[in-house]
Protein chains: 4
Amino acid sequence: MSAPDYGRAFALLRAEAGDAWGAYTRHAFVEGLKDGTLSRESFLHYLRQDYVFLIHFSRAWALAVVKSETHEEMLAAVATVNALVAEEMQLHVGICEAAGIPQEELFATPERAENLAYTRFVLEAGYSGDLLDLLAALAPCVLGYGEIGARLGREKSSETYADWIATYAGEGFQGDCAAVGQLLDSALERRLGKDFDKSPRFATLCEKFRKATELEVSFWQMGMTP
Amino acid sequence: MSAPDYGRAFALLRAEAGDAWGAYTRHAFVEGLKDGTLSRESFLHYLRQDYVFLIHFSRAWALAVVKSETHEEMLAAVATVNALVAEEMQLHVGICEAAGIPQEELFATPERAENLAYTRFVLEAGYSGDLLDLLAALAPCVLGYGEIGARLGREKSSETYADWIATYAGEGFQGDCAAVGQLLDSALERRLGKDFDKSPRFATLCEKFRKATELEVSFWQMGMTP
Amino acid sequence: MSAPDYGRAFALLRAEAGDAWGAYTRHAFVEGLKDGTLSRESFLHYLRQDYVFLIHFSRAWALAVVKSETHEEMLAAVATVNALVAEEMQLHVGICEAAGIPQEELFATPERAENLAYTRFVLEAGYSGDLLDLLAALAPCVLGYGEIGARLGREKSSETYADWIATYAGEGFQGDCAAVGQLLDSALERRLGKDFDKSPRFATLCEKFRKATELEVSFWQMGMTP
Amino acid sequence: MSAPDYGRAFALLRAEAGDAWGAYTRHAFVEGLKDGTLSRESFLHYLRQDYVFLIHFSRAWALAVVKSETHEEMLAAVATVNALVAEEMQLHVGICEAAGIPQEELFATPERAENLAYTRFVLEAGYSGDLLDLLAALAPCVLGYGEIGARLGREKSSETYADWIATYAGEGFQGDCAAVGQLLDSALERRLGKDFDKSPRFATLCEKFRKATELEVSFWQMGMTP
């Protein structure tokens with residue numbers, strides 16, 4: 001099964017991430033969502049950690065607004081911040097409330113080490129580098145969830161986690177992925193030219209993308225150990 | 001005439017800014033907007049520079065999202081970024097187009113030194129400090145325009161710049177000012193306590209507020225010399 | 001045995017860190033250095049990771065120079081950067097070379113997740129906050145090693161790791177600790193007043209200090225699993 | 001008379017800066033230092049502003065340590081921070097004291113707008129971009145003073161400002177310039193390859209270099225109007 005088309009840079013970065021990409025997008029946690037064998041306890045534990053994750057991930061996307069150099073880059077980053085803060089975070093609040101976890105308990109979730117490691121890595125990459133470094137560290141989460149959602153939308157064999165799957169398989173999120181992939185391509189071309197993958201800079205960006213991918217693997221792993 | 005009520009911190013910061021606050025909010029440029037004596041050339045020159053200003057000012061508000069420590073702080077900052085990028089910047093595009101300045105010419109406006117000095121000061125204050133330092137540097141623009149708009153809405157003796165005045169005197173912008181004033185109060189109380197003005201930190205914040213106010217004066221001055 | 005006197009803020013932050021402080025400063029790794037039971041393999045593994053740690057830790061101290069507000073703060077932070085880059089990092093190069101690990105192999109050490117988590121947490125705390133946030137995250141490493149060094153200097157029952165112990169027990173490093181403790185006190189007093197521990201800000205700083213302490217515990221733990 | 005050889009990138013950036021480079025390095029203030037016609041009042045006014053400048057400029061060089069990606073980059077940036085804080089700032093303290101301006105008066109110098117604009121521009125470029133953006137904004141000051149010093153060392157027709165000229169014409173400072181030029185070349189090659197000037201990124205860096213050069217012109221201009 002081929003990867004979804006989120007642009008040229010994504011295809012290159014994904015290929016360079018090697019085994020780490022498969023370890024992330026086909027993790028046991030993901031397969032458990034697909035066939036419904038993932039325990040409810042693990043899912044809710046994951047969801048609560050993911051809420052904390054989204055707070056810092058939204059901050060990182062806001063940093064992408066700060067680091068933008070064109071009107072288009074600003075608009076794309078602002079749209080993502082809005083999607084995260086107004087939609088995805090609210091989705092988590094809703095699922096958790098339906099599962100008997102009140103909002104104040106959700107907000108007070110203690111941050112796990114694997115969670116902290118990932119978001120601080122992304123934020124620091126963004127602060128210390130330019131927009132490209134930041135986008136390379138942000139991309140695996142958005143585009144990986146897009147790829148997972150698209151696949152699970154086709155392959156799922158259980159309705160247990162159908163709502164979660166529908167969110168990431170849906171047109172809305174898939175559209176966001178296409179937009180992020182396009183932002184990545186245009187930001188790279190604008191700074192490094194059409195042959196951006198020939199620039200030494202691209203190797204550094206591949207490292208950031210792969211590191212973030214590895215941190216996604218640890219995040220799923222943490223999800224399985226409430 | 002008393003100042004509008006945008007909260008306790010604003011009243012204190014405004015008082016500490018001394019003469020600079022009056023030099024800003026009652027600048028000859030402002031009075032020219034009020035009685036319609038400001039030349040069209042100056043106004044359009046100002047508007048184009050203000051467009052460039054808003055790009056960097058939006059980036060600085062996005063930095064406030066990054067530097068937020070609570071959900072409420074994040075939401076307030078995100079709302080302001082949206083208001084700036086989606087509304088205020090579009091307003092400028094519209095007025096300029098109506099005045100015969102096409103979008104590409106507006107986007108290519110060379111940044112004047114007084115403009116650069118102001119936005120880089122705000123952004124650097126935000127990067128080097130915490131949310132309070134950033135808000136102290138952001139506040140004079142938002143709340144000063146609110147105060148100017150409210151006064152000119154009552155005192156204007158000409159319809160020449162009625163559209164501009166209506167924008168800042170209007171409920172929408174005045175509501176934004178109230179929200180920013182509240183964000184300022186709650187961010188201060190959260191970090192420094194109810195008696196935030198007794199903390200040595202507050203003196204530093206007053207300096208940042210006054211410096212940004214002085215940079216507003218230079219900005220008006222620049223507006224008068226196309 | 002009481003803690004060494006590195007100033008008032010350290011005593012308060014240390015007390016607030018609760019059990020985490022003991023878990024860090026009396027970790028099995030530390031006790032193994034004291035009585036010589038730590039395996040050489042673990043020690044060298046730790047040392048290589050610590051070299052990578054010092055790179056990012058030096059960057060974080062350089063950020064403290066950027067975030068300084070007085071001449072004294074700048075000088076204290078510059079002195080620490082120099083001590084780290086010119087002395088401590090060279091110490092590691094020397095020990096590793098003596099142990100048969102050439103410089104290029106040391107430089108190419110793959111960064112472990114526990115290592116990355118810690119340094120990115122510190123750097124992000126510094127970028128997102130002001131000098132106080134950064135110092136609160138930097139303090140556990142410097143002052144904890146000072147406390148460990150001082151105690152092991154008195155209590156050690158083996159000469160196996162005597163060189164390592166002598167470095168941190170020695171006058172040079174203990175003097176650095178005293179200077180960092182003083183920087184912490186004066187930076188707090190300057191911003192929050194003599195009663196800095198009464199400010200809500202101090203609670204946030206205690207959280208950062210405790211989190212960094214927990215990340216030190218994970219770092220020792222990693223050291224024991226080459 | 002050709003420019004001093006501070007490396008390939010400098011030669012390219014200098015050429016791209018066009019007339020701004022000559023306006024900076026052959027400014028009336030500079031010519032007044034050369035032939036001794038600059039008033040003492042202007043010189044001391046400049047020196048006090050330059051002291052304030054150096055505080056923020058040192059902070060910006062410390063940011064270059066934070067943004068370094070290799071050991072060599074870190075060491076080069078640390079060396080420059082030391083040269084600025086330990087040497088150049090002390091030089092100013094000494095000259096001012098000899099001229100009857102005590103240290104506390106020097107430290108309390110109110111920052112002029114032209115001064116603030118320049119340092120905040122450099123710091124913001126560094127925070128928002130990567131090491132290349134920062135170096136492009138830092139280079140005109142260091143390398144321009146090197147070029148001015150070297151020329152005035154040969155051409156000076158008066159001994160009035162011989163001490164100042166000797167500082168920047170001297171081996172020490174010229175060596176610093178060579179090192180900064182080399183850092184610039186190697187940082188560019190490492191990120192953008194041997195043909196770094198063919199990358200679209202280089203055009204952005206040229207803009208930053210030219211803007212900083214223009215801000216140097218304003219700084220001299222300010223020096224002439226105490």
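The values are calculated or read from the model by the stated rules, or taken from the named source; none is laboratory data. Since the structure is predicted, the reported quantities are computational estimates derived from the model, not experimental observations. Cβ: placed from backbone, ideal geometry, glycine included. Neighbour counts: every protein chain shown.
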- Within the range B:15-44, the residues that are more than 16 Å from B:Gly146 (Cβ to Cβ) and among the basic types (Lys, Arg) are B:Arg40
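Okay, residues lined up against (1) at positive phi; (2) modelled with pLDDT of 95 or more; (3) among the small types (Gly, Ala, Ser):
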{"residue": "A:Gly172", "(1), (2), (3)": "no, no, yes"}
{"residue": "A:Asp185", "(1), (2), (3)": "no, yes, no"}
{"residue": "A:Glu189", "(1), (2), (3)": "no, yes, no"}
{"residue": "A:Asp195", "(1), (2), (3)": "no, yes, no"}
{"residue": "A:Ala203", "(1), (2), (3)": "no, yes, yes"}
{"residue": "A:Cys206", "(1), (2), (3)": "no, yes, no"}
{"residue": "A:Lys211", "(1), (2), (3)": "no, yes, no"}
{"residue": "A:Glu214", "(1), (2), (3)": "no, yes, no"}
{"residue": "A:Ser218", "(1), (2), (3)": "no, yes, yes"}
- Filter the range C:112-138 for residues that are within 7 Å of chain A (Cβ to nearest Cβ) and not aliphatic (A, V, I, L, M); the one that is surrounded by the most Cβ atoms within 10 Å (Cβ to Cβ) is C:Glu124
- Item | Set C:Glu88, C:Glu73, C:Glu114: member being part of a helix (DSSP H, G or I) and farther than 24 Å from C:Glu214 by Cα | C:Glu73
- How do the helices (runs of 4 or more DSSP H) wholly within the range A:159-226 filter down when requiring 1 or more residues that are within 12 Å of another protein chain (Cβ to nearest Cβ), touching a residue at least 24 places away in the same chain (Cβ under 8 Å) and of a type in the set (Val, Ile, Thr): which remain? A:200-223
- the range A:38-78, residues that are among the basic types (Lys, Arg) and either more than 9 Å from chain B (Cβ to nearest Cβ) or under 18 Å from A:Gln103 (Cβ atoms) (or both): A:Arg40, A:Arg48
- Message: Take A:Thr37 and tell me if it is among the hydroxyl-bearing types (Ser, Thr, Tyr) and at pLDDT below 95.
- Response: no
- Please find, among D:Val81, D:Val52, D:Val85, D:Val30, the residue that is in contact (Cβ under 8 Å) with a residue 40 or more places away in the chain and touching a Ser or Thr at 6+ places or on another chain (Cβ under 7 Å). D:Val52
- Message: On the basis of being of a type outside the set (Ser, Thr, Tyr) and surrounded by 16 or more Cβ atoms within 10 Å (Cβ to Cβ), does B:Ala86 make the cut?
- Response: no
- Residues of the range B:159-201 classified as under 21 Å from C:Arg191 (Cβ atoms) and surrounded by fewer than 20 Cβ atoms within 10 Å (Cβ to Cβ), total: 10
- Task: Go over the candidates C:Leu75, C:Leu63, C:Leu13 one by one and state the one that is under 21 Å from C:Asp130 (Cβ atoms) and free of Cβ contacts under 8 Å to residues at least 12 places away in the same chain.
- Result: C:Leu75
- Task: Could you figure out which of (1) away from every other protein chain (no Cβ under 14 Å); (2) aliphatic (A, V, I, L, M); (3) over 19 Å from A:Leu13 (Cβ atoms) isn't true of A:Leu143?
- Result: (3)
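Could you please let me know if D:Ala150 is part of a helix (DSSP H, G or I), more than 23 Å from D:Ala166 (Cβ to Cβ) and either at pLDDT 95 or above or more than 14 Å from chain B (Cβ to nearest Cβ) (or both)?
no
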- Task: Could you check how many residues of the range B:36-50 are surrounded by 14 or more Cβ atoms within 10 Å (Cβ to Cβ), over 15 Å from the mean Cα position of the chain (by Cα), assigned to a helix (DSSP H, G or I) and not polar (S, T, N, Q)?
- Result: 4
- Query: Can you name the residue in the range D:79-106 that is facing chain C (nearest Cβ under 9 Å) and not small (Gly, Ala, Ser) and, of all such residues, is farthest from A:Leu134 (Cα to Cα)?
  - Reply: D:Met89
- Looking only at residues in the range D:139-158 that are touching a residue at least 60 places away in the same chain (Cβ under 8 Å) and over 23 Å from D:Lys208 (Cβ atoms), which one is surrounded by the most Cβ atoms within 10 Å (Cβ to Cβ)? D:Leu152
- Pick out the one residue from B:Leu13, B:Leu33, B:Leu63, B:Leu54 that is crowded, with 17+ Cβ neighbours inside 10 Å and under 23 Å from B:Arg154 (Cα atoms). B:Leu33
